Amino acid sequence: MTGLVWADVHLGVGTHVRCHGKGRRERTTPLTRPVAAALADWRRERDPAPTEPVFPTRAGTRMSTDAVADLLAKHVAVAWQRASAGDWTSYAAEYSRRNGPNNAPDPRPR
């Protein structure tokens, strides 16, 4: 996904991204409505050229796989801290805000 450019993102009917997988085979991956909406908002905010990366660095270049790994590690660490601190209430509130109140998980530990 670090090589994904806006020309590969299709947000009309049948929203999907097109990318190259193993063996240079082209893959089409459907997008969920929330992901498509977030990408549409991101595109409106940036007004990118078709050749610009979907997930750029501050300099506007393509993110490296190391940069993605670092970001993922940072967010996993924060999530782990929140979970180990028993911060289920704020997690449930955030989940509910994103997905609607009827989809909120039970905040009580099992």
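Nothing in this text is a laboratory measurement; each read-out follows from the coordinates by a stated rule. Keep in mind it's a predicted model, so treat the numbers as computed, not measured. FYI the Cβ positions are ideal-geometry reconstructions off the backbone, even for glycines, and counts take in every protein chain you see.
Between beta-carbons, use under 14 Å as the cut-off and find the net charge around residue 28, counting Lys and Arg +1, Asp and Glu -1.
Net local charge, residue 28 excluded: +1.
Taking every Cα atom in region 47-89, find the radius of gyration and the maximum pairwise distance Dmax, and write them in Å.
Taking only Cα atoms of region 47-89, I get Rg and Dmax of 15.2, 44 Å.
Using a simple spin-label model with points 7 Å from Cα along the Cα→Cβ vector, what separation in nm is obtained for residue 25 and residue 62?
Using points 7 Å along Cα→Cβ, the separation is 2.1 nm.
For 80, 6, which order do you get if you count the other beta carbons within 10 Å of each Cβ and list the fewest first?
Fewest-to-most Cβ neighbours within 10 Å comes out as 80, 6.
Could you calculate the contour length gain from residue 37 to residue 72, that is, 0.36 nm times the residue separation minus the distance between their Cα atoms, to one decimal place in nm?
10.4 nm
Taking the alpha carbon gyration tensor of region 1-50, what are the square roots of 5 times its eigenvalues, largest first, to the nearest whole Å?
Semi-axes (√(5λ), whole Å): 20, 13, 8.
Can you list the residues, at least 5 places off or on another chain, whose amide H is less than 5 Å from the amide H of residue 4, using H built in the peptide plane?
Amide H to amide H, under 5 Å and 5 or more residues apart or across chains, residue 4 pairs with 54.
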